[in-house]
Structures are given as structure tokens and as C-alpha cells.
């Protein structure tokens with residue numbers, strides 16, 4: 001059997017490893033358009049901070065593919081030919097498959113702002129990006145970060161750490177608008193400002209001008225402007241699925257798959273950032289561009305491609321990071337919506353925050369900001385959300401409640 005996996009990041013690696021646990025004889029080819037050695041995107045800001053050396057960005061050794069008896073081909077897939085069971089690379093190479101996994105990940109989106117292109121304007125998404133950015137990370141340099149998602153704020157934190165003058169521009173009214181609620185975002189924003197960040201939310205950049213001496217001037221809708229030595233663009237990502245258009249594969253926000261990561265075409269699977277997968281909460285499938293989701297879905301795909309039986313329980317988004325001296329995290333459906341109720345731990349100091357959202361007594365999400373110990377609560381809550389465990393009563397100390405309910409659940413007392 002000929003297996004082709006497009007992509008060698010979290011989903012592709014997880015799929016390869018799961019496949020080889022079941023099948024050691026089939027031929028496996030990995031296609032990558034970047035570095036042949038897989039690296040961690042999560043570590044890129046830490047490299048810019050100087051906390052992680054370049055060699056430690058790579059998460060598999062040089063003999064990895066040889067040990068798993070897999071061939072790695074460097075190239076970009078430009079066309080999928082399902083009727084011929086083949087993929088076409090940009091250099092004209094054609095690779096046949098019996099089963100195919102699309103794990104092509106996602107790419108940054110650059111907003112349609114006039115002048116936002118050229119040298120000195122970069123994303124923070126790939127090894128190539130950080131190699132371009134590293135020479136700019138010098139004390140006293142001015143950087144504008146467009147967007148305030150996780151990657152953007154991590155980049156801003158790295159720049160502050162290296163002594164740069166940092167401005168963060170966010171179109172929405174709060175930082176991390178898809179990850180934190182208003183209160184948690186306000187706590188993070190306070191830490192950012194205290195660290196010297198010029199944070200501007202609810203701000204629209206209308207155009208960028210490049211001066212004769214190479215500086216950038218950003219012009220905003222409110223009439224204000226800002227001068228910078230370079231710009232980091234972090235305004236969102238989108239799945240890499242252009243080559244799959246018109247093939248008959250169902251595409252929505254991503255490539256729609258079932259609980260076995262099977263697409264609407266036989267023999268073709270998808271996993272990771274590119275896949276629109278079942279959700280823990282049911283309903284419409286979702287795209288969660290998260291490393292843990294990529295690992296989970298890649299493992300399911302690899303097992304099923306090897307004729308194994310595996311069924312995805314559904315994606316449960318969880319974002320956790322520590323920056324600017326504060327840990328922030330969210331999980332599941334953490335925003336207050338109609339029909340939900342929230343429990344807030346009132347015992348915490350003013351600079352810390354923990355909220356758990358429930359529907360009919362069943363936890364559906366949580367968000368927190370403060371000390372790293374708060375993450376343990378989200379960790380305890382995660383299986384309860386997946387298993388739809390009902391919390392009884394409304395006790396004062398949420399951690400104690402969770403610990404007791406989990407203990408009871410493990411003994412079979414909570415249904």
C-alpha cells in the first residue's frame with residue numbers, strides 16, 4: 001500500500017507514528033514544503049527571546065524518518081488528482097497513493113492594508129520568519145505588531161524582553177479576542193501596558209507608508225499615526241487547502257471530515273489545522289488551529305489509514321500561555337451566552353481570575369488569568385466537559401468542588 005502524507009508538522013508526525021504502530025510494511029512518503037526536520041511553531045517566540053537555541057526548535061532528530069521507514073520529499077503540492085490517486089508537486093513530480101492524508105496546516109493572513117508588504121514586514125509563523133526577524137530584535141528598535149492573537153502577543157513579549165519599543169494594534173475592543181473574555185483580557189492588557197507596551201485596541205490601520213530612510217509610518221482611522229522600524233503581522237490564519245478546490249472534497253471553513261478523519265472522497269483523510277472536525281459539543285464541525293488538536297486528529301487519521309479502529313471524541317479547544325508575568329488560558333465555550341451561567345472564584349486576589357461556564361449544571365468552558373496554578377483547575381475540568389459531568393451545588397471554592405466531583409466520578413457516584 002502506498003501512503004502519502006502532505007505535511008510534516010504536528011498532525012503529519014502524529015499520523016505517521018500512529019500508522020507505523022499498525023503497519024510496518026506499507027510505503028510511506030512525507031511531503032514538506034519547509035524544513036525536512038520538523039520544528040515546533042510554539043517555540044519560535046522563545047527563540048527570538050534568546051531562551052531557546054536554534055537547534056532546539058527541531059522536535060525530531062535527523063534519523064527520525066529512517067527509523068520509521070518513511071521517505072521525505074521536499075516540495076509544494078499544487079494539485080490533487082483524486083481520480084488518478086495522485087498529487088502533483090510544483091516541480092512537476094507526481095506521487096501516487098492508495099491512501100492520502102492532507103495535513104498541510106495553515107498560513108498567516110495579511111490584511112488588505114495598502115503598503116503592507118516588502119522587506120521589514122514579516123509574520124511570526126515559520127522558521128524562515130524568525131530568521132528574518134532575528135536581526136531586528138535589538139535593543140531600542142521600534143516594532144509594531146498588528147493583531148493580538150496568541151502568536152502576536154508572544155511576539156510582542158519577546159520584543160519587550162529584548163528591549164525593543166513595542167506597539168500592539170488590535171482591531172477588536174480587547175486583546176486575544178478569540179481566547180479571553182473581557183475581564184481576563186483586561187488583566188493581560190494591564191500587564192502589557194505595565195511592561196511598556198503601547199497597546200491600542202479598537203484601532204484600524206488604513207495604510208502603511210515607507211519613508212526614504214526605510215522607516216514605516218502606519219496611519220490609523222482615528223487620524224493618529226505611528227512610526228516603526230519593522231512590522232510583525234499576526235492578524236489570523238487560514239487552512240492551506242487551495243490545491244483541494246474543485247476535487248469533490250467538501251470544504252467549508254476547512255476540509256470537513258468525520259470521526260475517522262475521512263473526507264468526502266474515499267481514501268483521503270485530513271487532520272490538523274486544515275481539517276474541520278467534530279466538536280465535543282456536537283453540532284457543526286469546527287476548525288481548531290491548535291497543536292494538541294493536530295496531534296489528536298493526526299493520530300486518529302494514522303490509525304484509520306492503517307485499517308485500525310479509532311473514533312475521534314471531538315475537539316475541545318484549550319489555549320494556554322504564560323507571558324508578561326501572567327498565565328492566561330481558556331477552554332471550550334468560555335463566553336457567557338444565553339442559557340448559560342457562570343461561576344467566578346471570588347476568593348482570588350484582584351489580579352487573578354477564574355470563571356467556569358455551565359449549562360444546566362454541566363461545565364462547557366472556562367477562562368482564567370493569573371498564576372500558573374489556575375491551569376490545574378482547567379486540567380481537572382477538561383474530562384468533566386468531555387464526559388458532561390453535572391456539578392452539584394454552588395460551593396465557594398471551585399477547585400475543591402472540582403476535585404471532589406472528579407473523585408466521585410472516578411468511583412462512579414456522579415452521573
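The values are calculated or read from the model by the stated rules, or taken from the named source; none is laboratory data. A quick note: this is a predicted structure, and the numbers were derived from the prediction, not measured. Positions of Cβ are backbone-derived with ideal geometry, glycine not excepted, and every protein chain shown enters the neighbour counts.
Among the residues of the range 312-326, the ones that are within 18 Å of residue 291 (Cα to Cα) and outside any loop (DSSP other than H, G, I, E, B) come to 6 in all.
Within the range 22-37, which residues are modelled with pLDDT of 95 or more and under 20 Å from the mean Cα position of the chain (by Cα)? If the condition is that a residue be modelled with pLDDT of 95 or more and under 20 Å from the mean Cα position of the chain (by Cα), then 32 is the only one that fits.
Taking the criterion of being closer than 16 Å to residue 233 by Cβ and surrounded by fewer than 21 Cβ atoms within 10 Å (Cβ to Cβ), the only residue of the range 138-148 that qualifies is 142.
Considering only residues that are closer than 14 Å to residue 41 by Cα and in a helix (DSSP H, G or I), which ones fall in the range 123-152? Passing the criteria: 127, 128, 129, 130, 131, 150, 151, 152. Figure legend. Inter-residue proximity from the range 375-387: first residues more than 17 Å from residue 314 (Cβ to Cβ) and in the same structural domain as residue 363 (by TED's automatic domain parsing), second residues part of a helix (DSSP H, G or I) and modelled with pLDDT under 90, beta-carbon distance below 8 Å, spacing 6+ or different chains. Indicated pairs: 376/399; 377/398; 377/399; 377/402; 380/399; 380/402; 380/403; 380/406.
Of the set (1) crowded, with 22+ Cβ neighbours inside 10 Å; (2) more than 14 Å from the chain's Cα centre (by Cα); (3) within 30 Å of residue 215 (Cβ to Cβ), all apply to residue 300 but (3). Counting only strands (runs of 3 or more DSSP E) that fall entirely inside the range 332-388 and contain at least 1 residues that are under 26 Å from residue 293 (Cα atoms) and touching a helix residue (DSSP H, G or I) at 6+ places or on another chain (Cβ under 6 Å), the qualifying elements are 353-359, 362-370. What is the number of the single condition among (1) in contact with a strand residue (DSSP E or B) (Cβ under 6 Å, 6 or more places away or on another chain); (2) over 28 Å from residue 256 (Cα atoms) that residue 50 does not meet? The failed condition is (1). Check whether at least one residue in the range 187-207 is part of a loop (DSSP other than H, G, I, E, B) and more than 23 Å from residue 227 (Cα to Cα), and report yes or no. No - not one qualifying residue is present in the range 187-207. Looking only at the range 200-214, residues that are within 24 Å of residue 163 (Cβ to Cβ) and without any contact (Cβ under 8 Å) to a residue 40 or more places away in the chain come to 3 in all.
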